[in-house]
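What follows draws every value from the coordinates through simple rules; no lab data is involved. Predicted model, so just to flag it, every value in this text is computed and none were measured. With ideal geometry, Cβ positions are generated from the backbone for all residues, glycine too; neighbour counts draw on all protein chains shown.
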Amino acid sequence: MRVDKGFDRRGFLKRAFVLGGTLVLAGCDQLSSADWFRRMLFRAESLTRTTQRAILGPNDMAREYSEADISPDFKPNGSIDPQDEDYLALSANGFQDWRLKVGGLVERPMEWSLADLRAMPSRTQITRHDCVEGWSCIGKWKGVPLKALLDQVGLKPEARYIVFYCADTLEQTLAGGAKYYESLGLPDAEHAQTILAYEMNGGTLPVAHGAPLRLRVERQLGYKMAKYVMRIEAVADFSAIDGGQGGFWEDRGYEWYAGI
Amino acid sequence: MSAISEEGVPRRQLIYRHRLVVRVTHWINVLCITVLLMSGMQIFNAHPALYLGQRSHFDSPVLAMRQAPDTDDNPVGVTTILGHDFTTTGVLGVSRENGASVERGFPSWATLPSFQDLATGRRWHFFFAWLFVANGLVYLAWSLASGHLRELVPNRDQLRHIGASIWEHMRLKFPRGDEARHYNVLQKLAYFGIALVVLPLLVLAGLAMSPGIDAAFPWLVDILGGRQTARTIHFVCATLVVLFILVHLAMVLISGVFNNLRSMITGNYVIQPEEKSDAR
C-alpha cells in the first residue's frame, strides 16, 4: 500500500515548486497575449479613469515648482530628431511656413502661424514631467492655453475628443511607418495648465523637445504630451483614426487615460 | 489546557485557527502580490534606476542596474547601490533572454511578462493593484470589526520576553500546547508590520507616482519626499514584502508545512502537546 511506503514530502514539494513555477510563467505569457484576458486587464483603466475623474476637480492643478527645481538635464524621449521630409522643410527656415490647423467638429476652422500664437495671451508654468518609464524631470514651459484656441474655433456640441496630429514618424514599418498622434478628453483639453508650448526653460522650444509646438498635459504622463504638433481636430470618437485607441502608444497597449 | 488522553499522555489536538475571511483574503493576497511583484519588476525594467526628490538626478541614482560600458562582447551586469558598484551579471543588469545576454534590470524569469513589455506589465499591475486594495480593505474592515486586529498587537508580557522568543525561533523550537493557540510575539510584530505599515505605505507610495493623484492630493507626494522618493519607497517596501515572504515561507516549511497549509485552507490546525523536557 502506498501509505506504508511513506511519502517523500520534500521531493514532492520541490518538484511541485519547479513545475508550478514554470507553468505559471509560461501561462502568464500566454495570458498576456490572450484577447479575453487582455480585455479583462484593460477594464482596470476605466475604473482608474472614473475614480480619478471623481476625485480630481476640473480646477485641481498639477504642482508648480520654482526656477531652482528645474532639471539641468531634461531627458528628451520618443522622437528627438524627426527625419520626415515635410518636417525638415519646415524646420529649415525656422518654421516660418508652419501653420497650426484646427478643424474637425468646430464652427470655424482656423489656422495660426507661430507668430500668431506668440502674440496671443500666454501661460508659463514650471511643472514636473513624469515619463511612463518612471523618471521625472522639471521644466519651464510657455505657450498658449489650448482652451483659448478651442474657444476661437468654437466646438460643436458633438465634439468629445481633441486629436493632435504630429510631424514625426516614431516607428518605421514596411508600410511606411506610423506618425505620432494623441488625443484628450474635454476635461483635460480645457484644463488651465493644458497649453501648446513654444518655449522651454526660457528659450525657443528645441527640436528634441518638439519644436515648433508641443502639448503639455500636466495631470497625465509624458506620452500624452504630443510633440511636433501640426494639426488639431475635434472629433466625436477616435475609433476610425489609425489603430483606433486614441494615440500612438495607446495603439501599442498603453492606457488612453494616463493619469496613472 | 492541554487535552490529556486516558493514559495520561498529552495528545494532539485539532483547533480552528484561521477564520474564513482570513483564509480567503490570504489566498487572494498570494495571487495579487505575486502578480504585483513580477509586473512591478517589469515596470522597473523600463528605467532600472531609483532617485530621491521630486525629479530624477540622472547622475546620482540611489540604485541602478545596467550593463557596464564597453562590455558588448562579454556583457557585464553592474548594480550600483548608493554609489557602490556590484557585479551582478546573470541576474541584475545583464541576464539571459532567449539564449542571449541582454541588458535588463531584473531577469526574464522574474518579470511579467517575461519579455520586455512595459504596456502589458502596467496592465497587469493596475488590474491586480485594484484587486489587492479591495481585498486589503475587506481584511482591514473585518479585522477592525471582529477584533482580529487586536490579536496582532503584542502585549507587554510578550514584548518583555521577546529575547527568549527570538532565541527559541533561532533554535527552531516553536510554541506548543496552549501557547500555540495564539500568535507569538514575533508573528504579531511581523504580521502587524507587513499588514499595517509596509503594505499601506507601499500603496500610498504607488498612488503618489500617479500624476492625477498628485494633482488631487499634492500633500501626499510632499509627505513622501517627492515623486522620485515615492518611487524609491515603493521599491523598498516591495523588497521588504519579498523578505517577509521568504521568512514566512521558511517558517511554514520548518514548522510543519501540511499542518500550516491545512489551517490556511480549512482553518483547522493541529497543536502538538507540550514536551515534558520542555517544561517551564
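Could you state the principal axis extents of the C-alpha atoms in region B:190-248, from the largest down, to the nearest angstrom?
38, 18, 16
So for region A:148-260, Kirkwood radius off the Cα pairs, Stokes-Einstein at 20 °C and 1.002 mPa s: how many µm² s⁻¹?
147 µm²/s
How far apart, in nm, are the 7 Å Cα→Cβ label points at B:Val242 and B:Ala145?
3.7 nm
Could you tell me the calculated FRET efficiency between A:Ala16 and B:Val252, based on Cβ-Cβ distance and R0 = 22 angstrom, to the nearest 0.05?
Working from the Cβ atoms, E equals 0.95.
Can you give the extra length, in nm with one decimal, that the chain gains between A:Leu186 and A:Asp60 once fully stretched, where that is 0.36 nm per residue apart less the Cα-Cα distance?
Working: separation 126, 0.36 × 126 = 45.36 nm, distance 1.49 nm.
Full extension from A:Leu186 to A:Asp60 adds 43.9 nm.
Could you tell me the calculated FRET efficiency between A:Gln83 and A:Ala240, based on Cβ-Cβ distance and R0 = 30 angstrom, to the nearest 0.05?
So, using R0 = 30 Å, E works out to roughly 0.60.
Over all Cα pairs of region B:4-155, how is the pair count split among 10 Å bins, expressed in % and running from 0 up to the last occupied bin?
10, 25, 23, 18, 13, 7, 3, 0
Using Cβ counts within 10 Å as a stand-in for footprinting exposure, how do A:Lys14, A:Lys101 rank, fewest first?
Ascending Cβ contact count within 10 Å gives the list A:Lys14, A:Lys101.
Report, in degrees rounded to the nearest 10, the 0 to 90 angle that the Cα long axis of helix A:9-33 makes with the longest principal axis of chain A.
30 degrees
Determine the calculated [θ] at 222 nm for chain A from helices alone, applying -39500 (n - 2.57) to every DSSP H run no shorter than 4 residues and normalising by the residue count; nearest 500 deg cm²/dmol.
When only DSSP H runs of four or more count, the value is -9000 deg cm²/dmol.
Do me a favour and compute the ellipsoid semi-axes for chain B from its Cα gyration tensor, root of five times each eigenvalue, largest one first, whole Å.
Semi-axes from the Cα gyration tensor: 41, 23, 18 Å.
Seen from all sides and averaged, what is the projected area of the convex hull of the Cα atoms in region B:135-252, in nm²?
On the way: hull surface 36.8 nm².
Mean shadow area of the hull around the Cα atoms is 9.2 nm².
How long, wide and thick is region A:27-130, going by the Cα atoms along their three principal axes, in whole angstroms, largest first?
Rounded to whole Å, the extents work out to 55, 41, 38 Å.
Report relative contact order for chain B in percent, whole number only (criteria: Cα-Cα under 8 Å, sequence separation at least 6).
Relative contact order of chain B: 25 percent.
Under the 0.36 nm per residue contour assumption, what length would be gained going from the current alpha-carbon distance of B:Arg11 and B:Val24 to full extension?
Numbers: separation 13, 0.36 × 13 = 4.68 nm, distance 2.99 nm.
Contour length minus Cα-Cα distance gives 1.7 nm.
Give the order of A:Met110, A:Met200 when sorted by the count of other beta carbons within 10 angstrom, beginning with the fewest.
Arranged by neighbour count, lowest to highest, A:Met110, A:Met200 become A:Met110, A:Met200.
Quick one: Debye curve from the C-alpha atoms of the protein assembly as shown, no solvent, what's log10 I(q)/I(0) at q = 0.06, 0.08, 0.12, 0.13 Å⁻¹?
For the requested q values the scattering log ratios are -0.39, -0.64, -1.21, -1.36.
Going through the cross-link list A:Lys140/A:Lys227; A:Lys75/A:Lys142; A:Lys156/A:Lys227; A:Lys75/A:Lys101; A:Lys75/A:Lys147, which pairs have a Cα-Cα distance over 20 Å in this structure?
A:Lys156/A:Lys227; A:Lys75/A:Lys101; A:Lys75/A:Lys147
For region B:82-157, just say rounded, prolate or oblate: build the C-alpha gyration tensor, square-root its eigenvalues into a ≥ b ≥ c, call rounded for a/c under 1.5, and beyond that prolate if a/b exceeds b/c, oblate if not.
Working: a/c = 4.27, a/b = 1.93, b/c = 2.21.
Oblate shape, in that a/c is at least 1.5 and b/c is the bigger or equal ratio.
At 10 °C and 1.306 mPa s, grab the translational diffusion coefficient of chain A from Stokes-Einstein with a Kirkwood Rh over Cα pairs, rounded to a whole number in µm² per second.
Roughly 77 µm²/s, to the nearest whole number.
How many percent of DSSP beta bridges within the protein assembly as shown run antiparallel, rounded to 5?
Once the DSSP bridges in the protein assembly as shown are tallied, antiparallel ones form about 95 percent.
What's the angle, to the nearest 10 degrees (0 to 90), between helix A:35-55's Cα axis and the longest principal axis of chain A?
Helix A:35-55 sits at roughly 50 degrees to that axis.
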